[in-house]
Amino acid sequence: MAKKPVTSRSGRFLKLAGMTASVAGRYAGERARRVFRSENDQGAQSENYTRMAGQIADTLGELKGAVMKVGQIASQTQDFLPKEFSDALQKLQKEAPPMPFEIIVGQIESELGKPVSELFEYLQEAPYAAASIGQVHRARLYNGTDVIVKVQYPGVDVSCDSDLKQLRMALRLGGLLKMPKETVDQLFGEIRERLKEELDYENEAENLRLFSRFHEKDDWVIIPEVIDSHSTRRILTLELVEGDHVSEVTPEHYDQETINLIGHRIFTTMADQLFRFQCIHGDPHAGNFAYRPDGSIIMYDFGCVKKLKPEIVEAYRKALIAALQEDYQALDRHLIDLGARVENQPAVDQAYYAMWRDILIVPFDQDKPYDFAQSDIHKHVAAKTSTVFKYLEYFKPPVESIFIDRMIAGHYWMLKRLGVQAAFREELGEYLGLED
């Protein structure tokens, strides 16, 4: 029998408090056992982390909302949590158990003030998609327009602050936040700000209109139109615009030339948003994009949009130029400007920067097409993760640019899954203002 969803604020608090107490107990027990364990016995600690991580991931997935969204962000941010937690939280990117249909209907009728039967010719019971803070259902208006209706889960907005407070406490008591309090405050502050925006569907509707204007000259970028009459702060109705999920972009329907064209267009939209518009689509997972055999890209879900400060974009641009030109003294300065490097620490060994530069720059450091399908950049990154501990006090999560990093990482996986073969060096040089 399925568990009854927790939608009340008090119910969510109790569920999270129970998780926090359990995690804290496990951590206390782990610390006590560590006294009697050899320094080389990391297996038991890893196993304990894995159990803790599994419990946190299960609880966040059940509660959805702010805490699930933080889990999704944490799963993509390797310097936020230990590897066991990033691994366990990965499933929050893919698994979002649907909310019962009667709760969805109640939320629609409460928000739009009419019975569902008067609002829609039909509303499909099976979810079109289920995510962290809302669920999407297919429907049709009485004028014949096919739409999707995004319905926010009851209770997630009013519980946002208390959810984040509880989750932060669980991570701290579990010994999992290996960062100074100031950095944790900044990180959770940034996440809270993005979540508050994402919980406001009127804000998302405005973002949809904004990005439609950004890309109005790109006829290959398709952004759904908002149906204002059926939208509120917690309900967002959009025209139904369908395309192929990345898993459906197969050789039967897409030749390599079209896949490569889509790859170049993904790069263009990403670079335009970063360097020209200074405003990025900050949630670039596979479910938020679709494709068509004519090379079109459909963009969904504009709840998480990050407006960037011009000085952050400029510091990012200069850091990329310094990395390309192997000027590691300049790179160190620009990373300080970016908020990624602790200013009062000595300069970082240039060989350390060179190692990461040589791993990450590969797709942009050659004139011939790079085969993303065969890319193993992520494996090289994982293999060198242990070197981070040597410089742990030199770096901090770059709060202002965390969503830029998230966007780039998300698109890397998209290009890999699509099997794009493309050379981006020349295009990147144009956006950075480099001359050949």
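The values are calculated or read from the model by the stated rules, or taken from the named source; none is laboratory data. Source: prediction; values computed, not measured. Note that we place each Cβ from the backbone using ideal geometry, even for glycine, and neighbour counts take in every protein chain shown. With ligands, DNA and RNA removed, areas are computed over all heavy atoms of the protein, side chains included. Shrake-Rupley method; radii C 1.70, N 1.55, O 1.52, S 1.80 Å.
Summing Lys and Arg as +1 and Asp and Glu as -1 over all other residues whose Cβ lies under 13 Å from the Cβ of A319 gives a net charge of -3.
Take each of the peptides 398-408, 305-315, average the number of other beta-carbon atoms within 10 Å over its residues, and list them starting from the highest.
Working: 398-408: 20.3, 305-315: 16.8.
Highest to lowest by the protection proxy: 398-408, 305-315.
Using the Cβ-Cβ distance between I408 and E102 with R0 = 51 Å, the FRET efficiency computed as 1/(1 + (r/R0)^6) comes to roughly 0.80. Taking amide H positions as modeled 1.01 Å from N, with prolines and chain starts lacking one, the residues under 5 Å from E121 and 5 or more places away or on another chain are R140, L141, Y142. Peptides 358-365, 203-210 ranked from most to least packed, by the mean per-residue count of other Cβ atoms within 10 Å: 203-210, 358-365. Measuring against 24 Å, Cα to Cα, the residue pairs K307/K368; K307/K390; K150/K306 contain K307/K368; K307/K390 as the ones spanning a longer distance.
For segment 200-309, just say rounded, prolate or oblate: build the C-alpha gyration tensor, square-root its eigenvalues into a ≥ b ≥ c, call rounded for a/c under 1.5, and beyond that prolate if a/b exceeds b/c, oblate if not. Oblate, since a/c reaches 1.5 and b/c is not below a/b.
Let a ≥ b ≥ c be the square roots of the eigenvalues of the Cα gyration tensor of segment 299-436; is it rounded (a/c under 1.5), or, if not, prolate (a/b larger than b/c) or oblate? Rounded, because the longest to shortest axis ratio a/c is under 1.5.
With r as the distance between the Cβ atoms of E182 and E206 and R0 = 30 Å, compute the FRET efficiency 1/(1 + (r/R0)^6) and round to 0.05. Working from the Cβ atoms, E equals 0.40. Amide H to amide H, with H built 1.01 Å from N, K384 comes under 5 Å of no residue 5 or more places away or on another chain. The residues of segment 282-435 have, on average, 48 Å² of accessible surface per residue, using a 1.4 Å probe with all protein chains present.
The modelled label-to-label distance between E248 and A271, using points 7 Å beyond Cα along the C-beta direction, is 3.0 nm. For trypsin sites (Lys or Arg not before Pro), the sites in segment 365-397 that DSSP calls loop and that have at most 15 other Cβ atoms within 10 Å are K384. With R₀ fixed at 22 Å, the C-beta to C-beta distance from Q325 to F395 puts the FRET efficiency at about 0.55.
Per-atom-type breakdown for segment 197-266 gives carbon and sulfur 44% of the accessible area (1.4 Å probe, protein chains only).
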